[in-house]
Amino acid sequence: MSIKIKMNNNFEKELKKKAMKIAEDKLRNSGVNLECPHCKETITMKLGINNCPNCKKTIDLKN
Ligand SMILES: [Zn+2]
């Protein structure tokens, strides 16, 4: 019985790890839609320095 519980915990952990990795990859590769902190326009941002196409301000997106 204890083995079964362990397996379930590991499975959940792996699933969380995988979900986080996908989110991270998405952020790095294709960007995410976020609200610009300056003009509140929804723009696609990638990890790192972004320039808002609406207000032209710089947004530093950190992981
Ligand atoms: Zn903006």
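The values are calculated or read from the model by the stated rules, or taken from the named source; none is laboratory data. Treat the numbers as computed from the prediction; the structure is a model and nothing was measured. Please note: Cβ atoms are built from the backbone with ideal geometry, for glycine as well, and neighbour counts cover all protein chains shown.
With the structure loaded, tell me whether LYS57 is modelled with pLDDT of 95 or more and either exposed (fewer than 12 other Cβ atoms within 10 Å of the Cβ) or among the charged types (D, E, K, R) (or both) or whether it fails that test. Against the criterion (modelled with pLDDT of 95 or more and either exposed (fewer than 12 other Cβ atoms within 10 Å of the Cβ) or among the charged types (D, E, K, R) (or both)), LYS57 qualifies.
Within the range 18-35, identify whether any single residue is surrounded by 11 or more Cβ atoms within 10 Å (Cβ to Cβ), within 14 Å of the ligand (Cβ to nearest atom) and not hydroxyl-bearing (Ser, Thr, Tyr), and answer yes or no. For the range 18-35, residues surrounded by 11 or more Cβ atoms within 10 Å (Cβ to Cβ), within 14 Å of the ligand (Cβ to nearest atom) and not hydroxyl-bearing (Ser, Thr, Tyr): present.
Among the residues of the range 37-48, count how many are under 15 Å from the mean Cα position of the chain (by Cα) and more than 8 Å from the ligand (Cβ to nearest atom). So the count comes out to 5.
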